[in-house]
Amino acid sequence: MLRCQICGKPAERHHIVYKSQGGVDFPLNFKYLCPEHHRGEYGPHKNRKLDLKYKLEMQHKLEKLLYKKFYTLDELITLLQINKGMLKKLLKDCKLYKEGYKSFDVIYRLMGRKIYTESMMEEYYDFIANF
Ligand SMILES: [Zn+2]
Ligand SMILES: [Zn+2]
């Protein structure tokens, strides 16, 4: 049985980049959370700061994993443990260079056509401080 990564209770699978945000199924996009740590008050669906934190963590993992400038489709499939058809669909409008796909393009699409920055967390704090 899958366990919550925070408290160890039985868990459900959370998509760090939601499917509605363009997130896809592959291990780095999954976080296992119990109902409380998932949908509860302090879970990522209710807590914007935590949601951003998980997304930044995921993006950093991707940046570490894809440290070269280019990767071929086969390399990406192995590294990301992602379904080939899904990856092809995700990258269909990306330029394919002779060395492969640009890591930046791949990360950008896996993050739901977004690049997250630390400053987004600060903006959140500013917003809270005004209340
Ligand atoms: Zn939990
Ligand atoms: Zn979720």
Taking region 1-22 and keeping residues assigned to a loop (DSSP other than H, G, I, E, B) and within 10 Å of ligand 2 (Cβ to nearest atom) leaves Ile16, Tyr18
In region 65-96, what count of residues is obtained for those that are within 26 Å of His38 (Cα to Cα) and out of contact with any Leu (no Cβ under 9 Å at 6 or more places or on another chain)? 2
Exception for Lys49 within (1) part of a loop (DSSP other than H, G, I, E, B); (2) in contact with a helix residue (DSSP H, G or I) (Cβ under 9 Å, 6 or more places away or on another chain); (3) away from ligand 1 (no atom under 16 Å from the Cβ) falls at (1)
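So, in region 64-78, of the ones that are assigned to a helix (DSSP H, G or I) and loosely packed, with under 13 Cβ neighbours inside 10 Å, which residue ends up farthest from ligand 2 (Cβ to nearest atom)?
Kept after step one, since they are assigned to a helix (DSSP H, G or I), are these residues of region 64-78: 64-65, 73-78.
Narrowing further to those that are loosely packed, with under 13 Cβ neighbours inside 10 Å: 64, 74, 78.
Details: Lys64: 24, Asp74: 30, Thr78: 27 Å.
Restricting to residues being assigned to a helix (DSSP H, G or I) and loosely packed, with under 13 Cβ neighbours inside 10 Å, the top hit is Asp74.
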Just the residues that are more than 10 Å from ligand 2 (Cβ to nearest atom) and open to solvent by less than 30 Å² (accessible area, probe 1.4 Å), please, taken from region 26-45. Phe26, Asn29, Cys34, Gly40
For region 1-25: of the residues being of a type outside the set (Gly, Ala, Ser) and touching a residue at least 60 places away in the same chain (Cβ under 8 Å), which is most open to solvent (accessible area, probe 1.4 Å)? Gln21
Could we say that Lys61 is within 14 Å of Val17 (Cα to Cα), touching a residue at least 24 places away in the same chain (Cβ under 8 Å) and within 15 Å of ligand 2 (Cβ to nearest atom) here? no
Determine whether Glu99 is more than 14 Å from the chain's Cα centre (by Cα), exposed (fewer than 12 other Cβ atoms within 10 Å of the Cβ) and closer than 17 Å to Val17 by Cα. no
Restricting the first residue to region 75-95 and requiring it to be farther than 15 Å from Gly23 by Cβ, which pairs with a second residue that is open to solvent by 90 Å² or more (accessible area, probe 1.4 Å) and at pLDDT 95 or above meet a Cβ separation below 6 Å and a spacing of at least six or different chains? Ile77/Lys84
Do we find that Pro10 is in contact with a Phe, Trp or Tyr (Cβ under 7 Å, 6 or more places away or on another chain) and within 16 Å of ligand 1 (Cβ to nearest atom) in this structure? no
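The values are calculated or read from the model by the stated rules, or taken from the named source; none is laboratory data. Computed from a predicted model, the values in this text were never measured in an experiment. FYI the Cβ positions are ideal-geometry reconstructions off the backbone, even for glycines, and counts take in every protein chain you see. For accessibility, only protein heavy atoms count, side chains too; no ligands or nucleic acids. Shrake-Rupley method; radii C 1.70, N 1.55, O 1.52, S 1.80 Å.
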